[in-house]
Amino acid sequence: MSGKKKKKIIAVDFDGVIAMYDGWKGEDVLGEPNEKVIRALRELKENFNWYITVFTTRRDTMALRDWLNRNKVPHDSVNSTSHNPPNTSSKPIFDVMLDDRALRYEGQETKELLRQIIGSGKNRDN
């Protein structure tokens, strides 16, 4: 082992996390910046040197890249798994996933897990 510390990776959703989200309105209709999240990402990048990948169902468009740059959102990649080892899946490797629709599995019993899944899926728009 080289003794070099591995860089931590965070995969961050765009709609509802980096940007406010009120349902799908079009590919180039992007929400207002979520400054709390953006400040946290800046802190991760500047003070902890994390690798930040924006992982979103949106296509990687010029409008999305412009929005990220205009709002000074630190990121190393968008919808990319280039940091994955060769010949691995299209799911990005990450230490942390930040997503507004995520549910963490922590060994819950089936009944509790179903309750959480069903409860999380209520009142969702695209």
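The values are calculated or read from the model by the stated rules, or taken from the named source; none is laboratory data. Here the structure is a predicted model, which is why all the values come from computation and not from measurement. No Cβ is skipped: glycine too gets one built from the backbone with ideal geometry, and neighbour counts run over all protein chains shown.
Of everything in the range 15-60, what is crowded, with 18+ Cβ neighbours inside 10 Å, in contact with a Ser or Thr (Cβ under 8 Å, 6 or more places away or on another chain) and more than 17 Å from I93 (Cα to Cα)? Give them in sequence order.
Hit for the range 15-60 is D15, nothing else.
So which residues in the range 59-81 are among the basic types (K, R) and modelled with pLDDT under 95? Show your work before the answer.
Looking only at the range 59-81, we keep the residues that are among the basic types (K, R), and these are 59, 65, 70, 72.
Result: R59, single match.
Report whether or not T61 is touching a Pro at 6+ places or on another chain (Cβ under 9 Å) and among the hydroxyl-bearing types (S, T, Y). So that I can check it myself, show each step before the final result.
On the way: touching a Pro at 6+ places or on another chain (Cβ under 9 Å): no; among the hydroxyl-bearing types (S, T, Y): yes.
It is false that T61 is touching a Pro at 6+ places or on another chain (Cβ under 9 Å) and among the hydroxyl-bearing types (S, T, Y).
Can you tell me which residues in the range 29-63 are assigned to a loop (DSSP other than H, G, I, E, B), more than 15 Å from D13 (Cα to Cα) and aliphatic (A, V, I, L, M)?
Once the filter is applied, which keeps residues that are assigned to a loop (DSSP other than H, G, I, E, B), more than 15 Å from D13 (Cα to Cα) and aliphatic (A, V, I, L, M), the range 29-63 yields only V29.
Taking the range 92-116 as the search range and keeping residues that are assigned to a loop (DSSP other than H, G, I, E, B) and more than 26 Å from K36 (Cα to Cα), which one is farthest from the chain's Cα centre (by Cα)?
If we filter the range 92-116 for residues that are assigned to a loop (DSSP other than H, G, I, E, B), which is where we start, we get 92-95, 99-109.
Those still in the list that are more than 26 Å from K36 (Cα to Cα) too: 106-109.
Details: E106: 20, G107: 23, Q108: 24, E109: 27 Å.
Within the range 92-116, the match that is farthest from the chain's Cα centre (by Cα) is E109.
Out of the range 73-82, which residues are touching a strand residue (DSSP E or B) at 6+ places or on another chain (Cβ under 6 Å) and either in a loop (DSSP other than H, G, I, E, B) or touching a residue at least 60 places away in the same chain (Cβ under 8 Å) (or both)? Even if it seems obvious, please write down each step before you answer.
Narrowing the range 73-82 to residues touching a strand residue (DSSP E or B) at 6+ places or on another chain (Cβ under 6 Å): 74-78.
Those that are touching a strand residue (DSSP E or B) at 6+ places or on another chain (Cβ under 6 Å) and either in a loop (DSSP other than H, G, I, E, B) or touching a residue at least 60 places away in the same chain (Cβ under 8 Å) (or both): P74, H75, D76.
If only one of L98, L44 is among the hydrophobic types (A, V, I, L, M, F, W, C), over 30 Å from L114 (Cβ atoms) and modelled with pLDDT of 95 or more, which one is it?
Unique residue meeting the criteria: L44.
Quick one: is W50 at pLDDT 95 or above and touching a helix residue (DSSP H, G or I) at 6+ places or on another chain (Cβ under 9 Å)? If you could, list the steps in order and put the result at the bottom.
On the way: at pLDDT 95 or above: yes; touching a helix residue (DSSP H, G or I) at 6+ places or on another chain (Cβ under 9 Å): yes.
Answer is yes for this residue.
Being more than 12 Å from the chain's Cα centre (by Cα), of a type in the set (A, V, I, L, M), within 12 Å of L30 (Cβ to Cβ) and surrounded by 10 or more Cβ atoms within 10 Å (Cβ to Cβ): is that true of L64 here?
Spelling it out, L64 is indeed more than 12 Å from the chain's Cα centre (by Cα), of a type in the set (A, V, I, L, M), within 12 Å of L30 (Cβ to Cβ) and surrounded by 10 or more Cβ atoms within 10 Å (Cβ to Cβ).
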